[in-house]
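Notes follow once the structure below has been shown.
The values are calculated or read from the model by the stated rules, or taken from the named source; none is laboratory data. Please read these numbers as outputs of a predicted model, since none were measured by experiment. Backbone-built Cβ (ideal geometry, glycine too); neighbour counts: all protein chains shown. These accessible areas exclude ligands, DNA and RNA; they are computed on the full protein's heavy atoms, side chains included. Shrake-Rupley method; radii C 1.70, N 1.55, O 1.52, S 1.80 Å.
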Amino acid sequence: MAAPGYPAWVTRWVSGQWRNKKRPPTLRPSRPLALADKVANRRERLTEATCITEMSVMMACWKQNDFNDAPCAQEIRMFYDCVAKAEKEWKNQNEDTLSSRGNLPSSKVNKLLKRFPQMTRYV
């Protein structure tokens, strides 16, 4: 069985030749292709407010008792426990090197770029 005969334009297109046997223009970058010295500091995501319900229960108790701490001791303790738990989770989350999307935070990228600077000249 013989190979199928393709039109001439298909063979030129497949071989990389373009109109009038010219190659596409080469791309010349306007700046050298190197990483910058630092990246912008951005938050990866907005953090949600924590312990809102505990705080509202504590404030409602204060309002009912004319802002006296003694009758609201349990609500105050629940609020402080919630705050301590949220801070512990936040610290554990910051210790991880990668975010949930698998990207490094900008502070760690800047540290790495300082540690391994870009070579501007060859030796």
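Structure notes:
- Hits in segment 34-59 (condition: under 26 Å from Trp90 (Cβ atoms) and small (Gly, Ala, Ser)): Ala40, Ala49, Ser56
- Of the set (1) part of a helix (DSSP H, G or I); (2) exposed (fewer than 11 other Cβ atoms within 10 Å of the Cβ), all apply to Asn41 but (1).
- When segment 6-38 is filtered for residues that are over 30 Å from Val109 (Cβ atoms), open to solvent by less than 100 Å² (accessible area, probe 1.4 Å), modelled with pLDDT of 70 or more and assigned to a loop (DSSP other than H, G, I, E, B), only Pro7 remains.
- Cross-chain or 6+ apart pairs with Cβ under 8 Å, segment 54-81 first and in contact (Cβ under 8 Å) with a residue 12 or more places away in the chain and in a helix (DSSP H, G or I), then open to solvent by less than 70 Å² (accessible area, probe 1.4 Å) and aromatic (Phe, Trp, Tyr): Glu54/Phe79; Met55/Phe79; Val57/Phe79; Met58/Phe79
- Some residue of segment 90-105 being under 33 Å from the mean Cα position of the chain (by Cα), at pLDDT 90 or above and outside any helix (DSSP H, G or I): no
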